[in-house]
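For reference, the structure discussed in these notes is given below.
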């Protein structure tokens, strides 16, 4: 994973969770960081704007992957989307 993408995503999630980025474990679930579904949607929107990408809608809902995926899985998805955009 690109260090730049990783650092930006972790910083944005940490900001939403009122944590230091170093406190974010890749195996943590959003709710373990104190992020409810609304907080995750806000974090996703901020990440989308930062990278000019669109994260699939199911990742943004309470029933979707954001509440079921750990931070590492979300990072992997974001990195893939950023990589796809770079190929265009």
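The values are calculated or read from the model by the stated rules, or taken from the named source; none is laboratory data. Just so we're clear, the structure is a prediction, and the values are computed from it rather than from any experiment. Methodologically, a virtual Cβ is constructed for each residue, glycine included, from the backbone with ideal geometry; neighbour enumeration extends over all protein chains shown.
Some observations on this one:
- Total residues in region 3-22, condition loosely packed, with under 15 Cβ neighbours inside 10 Å and not in a helix (DSSP H, G or I): 2
- Residue within region 59-66 that is buried (at least 18 other Cβ atoms within 10 Å of the Cβ) and either modelled with pLDDT of 90 or more or within 22 Å of residue 20 (Cβ to Cβ) (or both) present: yes
- When residues of region 23-36 are limited to those that are in contact with a helix residue (DSSP H, G or I) (Cβ under 6 Å, 6 or more places away or on another chain) and assigned to a helix (DSSP H, G or I), the one surrounded by the fewest Cβ atoms within 10 Å (Cβ to Cβ): 33
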